[in-house]
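All remarks here apply to the structure that follows.
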Amino acid sequence: MRGARLVVGLGNPGREYAGHRHNVGVMVVDRLAGAEGIALGQAKFQGRFGQGDAGKVRLLLLEPETYMNASGEAVAAAARFFKVPPEDTLVVHDELDLPFGRLQLKKGGGTGGHNGLESIVAQLGDTGFARLRFGIGKPTGPNAKERVVGHVLHDFSTEEKEALPLLLERAVDMAQAWLSLGLAEAMNRHNRR
């Protein structure tokens, strides 16, 4: 069996945030846990945690409950405990710079001002972890910049909610491809779709 792989779903804790665009990372990891038969029942590393075997890989699932801007504390604690290097870590997060419905796997790079990613980079001291970017689009028109916070901290629209189950399923497929095939092959298969 190969070493452990860590998949992190970013979001904010609490029922009032559950359906928000900013919590789509948690939604994906919830479904990945279900697909892999892993219970996220442990309160560990300042988050909801579960582990199990996914093929030949020890799969660690983490949903930080530190609030978005301190996500790195939870990620770094789990990564240190299980000795998981950044290249064996996948962070699932909402992405303003992709239109709603666009999903993309990516290795490393900047944070695009995403508070969760900034916290993880600061705590790990490394940008080399993989990302599964879930496009949520961004506001347009007058005062678009000022409306970004309201956009991410708000539920998906009615039309988006209809499309969401299929997109979450695709995101789970992409995470599973990362686990079984590695990042390069998973990107080849999924990023063009």
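Quantify, in whole percent, the carbon and sulfur part of the accessible surface of the chain (1.4 Å probe; protein heavy atoms only).
On the way: 4530 of 9030 Å².
The computed percentage sits at 50.
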**Message:** Can you show me the helix-derived [θ] at 222 nm for the chain, built from DSSP H runs with n ≥ 4 at -39,500 (n - 2.57) apiece and divided by the number of residues, rounded to the nearest 500.
**Reply:** -11500 deg cm²/dmol
**Prompt:** Long-range amide H contacts for R102: which residues qualify at under 5 Å (H placed 1.01 Å from N, peptide plane, sequence gap of 5 or more or a different chain)?
**Reply:** G135
**Fill in**
Packing-ranked peptide list from 124-132, 165-173, highest mean Cβ count within 10 angstrom first, is 124-132, 165-173
**Asked** Applying the Karplus parametrisation 6.51 cos²θ - 1.76 cosθ + 1.60 with θ = phi - 60° to the phi angles of the stretch 134-148, what ³J(HN,Hα) value in whole Hz is obtained for each residue in order, glycine and proline being reported as x?
**Response** 10, x, 10, x, 9, x, 10, x, x, 6, 4, 4, 5, 8, 4
**Complete:** For the stretch 24-57, listing trypsin sites (Lys or Arg not before Pro) in a DSSP loop whose Cβ sees at most 14 other Cβ atoms within 10 Å gives K56
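I need the calculated FRET efficiency for the pair R102 and A35, taking r as the beta carbon distance and R₀ as 25 Å, to the nearest 0.05. Don't skip to the answer; put the middle values down first.
Numbers: r = 22 Å, r/R0 = 0.87.
Between R102 and A35 the formula returns 0.70.
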**Item:** Gap separating the Cα centres of the stretch 105-137 and the stretch 1-39, nearest whole Å
**Value:** 16 Å
**Request:** Write down the accessible area per residue of the chain in Å², having rolled a 1.4 Å probe over the full set of protein chains.
**Result:** 47 Å²
**Links that overshoot a 23 Å alpha carbon limit, given the list K56/K83; K107/K161; K44/K83** = K107/K161
**Prompt:** If amide H atoms are built 1.01 Å from N in the plane of the peptide, which residues on other chains or at least 5 residues away come under 5 Å of the amide H of G108?
**Reply:** F129, A130, R131
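The values are calculated or read from the model by the stated rules, or taken from the named source; none is laboratory data. Since the structure is predicted, the reported quantities are computational estimates derived from the model, not experimental observations. All Cβ positions, even for glycine, are placed from backbone atoms using ideal geometry, and neighbour counts span all protein chains on display. Note: areas computed on protein heavy atoms with side chains; ligands, DNA, RNA excluded. Shrake-Rupley method; radii C 1.70, N 1.55, O 1.52, S 1.80 Å.
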